[in-house]
Amino acid sequence: MTNEPLLSVRNLSLQVARTGVEVVKNVSFDIAAGEIFGIVGESGSGKTLATRALISLLPAPIRVIGGSVAYKGRDALSMKVPQLRRLRGGEIGVVFQEPMTSLNPSMTIGRQLEEGLQLHTKLSQEERRGRILAMLNRVGIRDPAGALTSYPHEFSGGMRQRIMLASVMLLKPALLIADEPTTALDAVIQRDVMELMVELTQAEGTAVLLISHDLPMVARYTHRIVVMEKGVIVEEGRTADLLDAPQRAYTKKLLSSLPFRGPTRTIDRTKAPMVSARDIVVDYGGRRSLMKKTTPKRALHGVSIDIHEGEVVALVGGSGSGKTTLGRTIAGLVRESEGNIRFGGRSRNDDWMDYRLNCQMVFQDPYSSLNPRMTIVALVEEALRLLPDLDAAAKRKRALETLEEVGLGFDYAGRYPHELSGGQRQRVAIARAIARRPKFLIADEPVSALDVTVRAQVLELLSDLQKRYGFSCLFISHDLGVVEQVADRVVVMQDGRIIEEGDRNTVFDSPKEAYTQRLLSAIPALDHNAQGGVTLKWRLEN
């Protein structure tokens, strides 16, 4: 590393032009050549806006009102459009959070990868193709030649992120800005993508600016970090030192919000299970077209699972493992091809209405599951519509009481979903699910879209409600850190089959299957220390 930083930011301040509100205030940091540097903070902390300003990619309402950005000694903020075009991609690459919105859905992968090489290099078409094929092979795309003629929708989220990384690294930038590059991915794919990114950047000597609210991931890969709150840097330093002994209350709050193993509970499993699914098979029919019909796909292969009264069973696995399909099948949203489901010791089909009233579901994305035209109190009241023993006044009272229980007082009753934050919308979704006082709750990735502090609040809320009402819970998640905090028992799925199950401590401390070991190796074991920080130990590593 040279003495002069690759990137130097001094007193950068951003403002909303219409209102005059400062959203980033006097932000300063340096990044050396080849360094991996992290910016962490909650949603709304200003970390993404600050980094977009570095290459003049700010949204139209936001403007720079002060400070400087020097890249290799050049003033990046005063660059004209031709200079910015050479800078973006050619010298500073960007990997965004959601690759599906970054890749053009109407263009083939090959055409999109070639575009940057055409703009920034003088390579021939044959040379461009050779470099692209080599890079696709390097990032783990199985059929690089076939991928050139494919479209983004034909790849999984993890593969799309690999393709985005390939498109950026083809140009060998001096600085890579990675803005929440793995948030939407499961733990194993997240680690694979991060390891790939670090390997590629180290091979090319590329510096990395990693933006994330995932503290363990940032801790694993960065040399130094800054912590942002409400547009201001509140703490900075070497990553290991800052995590071990944070100085500021906000940093301690972020670290205390990380998921830690919860206490072991005693569950009575001598009685018949509350919910019992036996030999469940789900087949998705093939799609018909004018020329051919694709073959049906078997999503679940004879899966069996029991959930006892008051028990929290976590269903875990990577994307495509079948865990959400199983949850939706148990909820009655997907019809099983074979097998049977029992509730309270008898077939759920014996009294379907009773089962549907007592089985409620909390979905991953509350915004898509809440009617945007209904007020918050009306959304909760709707869940009580089929309860015959409550009149209109009693339903309104129950709805308001339930909103209060989930931390949304009377002031929120008349609002609409778009007027709430992501965490508040998830509280509404939980309120709808528990308003009927169900015996069984299915929570499908209920906190995966939330940042660390809001996630901790929602998990604590679910735990408190479960203790209060005693409902059984099937908790579906790819985040094993969260599972370690909430689960009594863990069931691991892979390719539509259950490959391992047992009580939480046994599965986490002594996993038998290689796939389970791989899942657990992607998340840290966390311990609090006396300084208000955390000690991170990566599982199954010597």
Legend entry - Within the chain, helix-based [θ] at 222 nm, where runs of 4 or more DSSP H residues each add -39,500 (n - 2.57), nearest 500: -10000 deg cm²/dmol
Legend entry - Neighbourhood charge, 14 Å Cβ-Cβ cut-off, centred on Val95 and excluding it, Lys, Arg +1 and Asp, Glu -1: +1
Legend entry - Long-range HN-HN contacts of Met361 with modeled amide H, under 5 Å: Ile442
Inset, instruction - With a ≥ b ≥ c taken as the square roots of the eigenvalues of the C-alpha gyration tensor of the range 405-542, please select rounded if a/c is under 1.5 and otherwise prolate if a/b is larger than b/c or oblate if it is not? - result: prolate
Legend entry - Share antiparallel - DSSP beta bridges, the chain, percent rounded to 5: 55
Legend entry - Candidates per trypsin sites (Lys or Arg not before Pro) in the range 312-413, loop by DSSP, up to 10 other Cβ within 10 Å: Arg335, Arg373, Arg385
Legend entry - Extension gain (nm, one decimal) between Glu404 and Leu77, 0.36 nm per residue minus Cα-Cα: 112.9 nm
Inset, instruction - Please check the chain for the longest run free of GluC sites (Glu not before Pro) that are loop-located per DSSP (anything but H, G, I, E, B) and have at most 15 other Cβ atoms within 10 Å. - result: 1-512
Inset, instruction - Sort the range 125-240 into rounded, prolate or oblate with this rule: let a ≥ b ≥ c be the square roots of the eigenvalues of the Cα gyration tensor; rounded if a/c is under 1.5, and if a/c is not under 1.5, prolate when a/b is larger than b/c, oblate otherwise. - result: prolate
Inset, instruction - Can you find, among Ser463, Gly502, Ala394, the residue farthest towards the positive end of the dipole of the range 389-542? Put +1 on the C-beta of Lys and Arg, -1 on that of Asp and Glu. - result: Ala394
Inset, instruction - For Lys439, list the lysines whose Cα falls under 16 Å from its own Cα; do not include residues on the same chain fewer than 8 positions away. - result: Lys271, Lys467
Inset, instruction - Kindly flag which residue pairs out of Lys47/Lys323; Lys252/Lys323; Lys80/Lys172; Lys47/Lys80 have an alpha-carbon separation exceeding 30 Å in this structure. - result: Lys47/Lys323; Lys252/Lys323
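Computed from the coordinates by the stated procedures, all read-outs in this text should not be read as laboratory data. From a predicted model like this one, the values you see are computed outputs, not experimental measurements. Quick reminder, even Gly has a Cβ in these numbers, built from the backbone with ideal geometry, and neighbours come from all protein chains shown.
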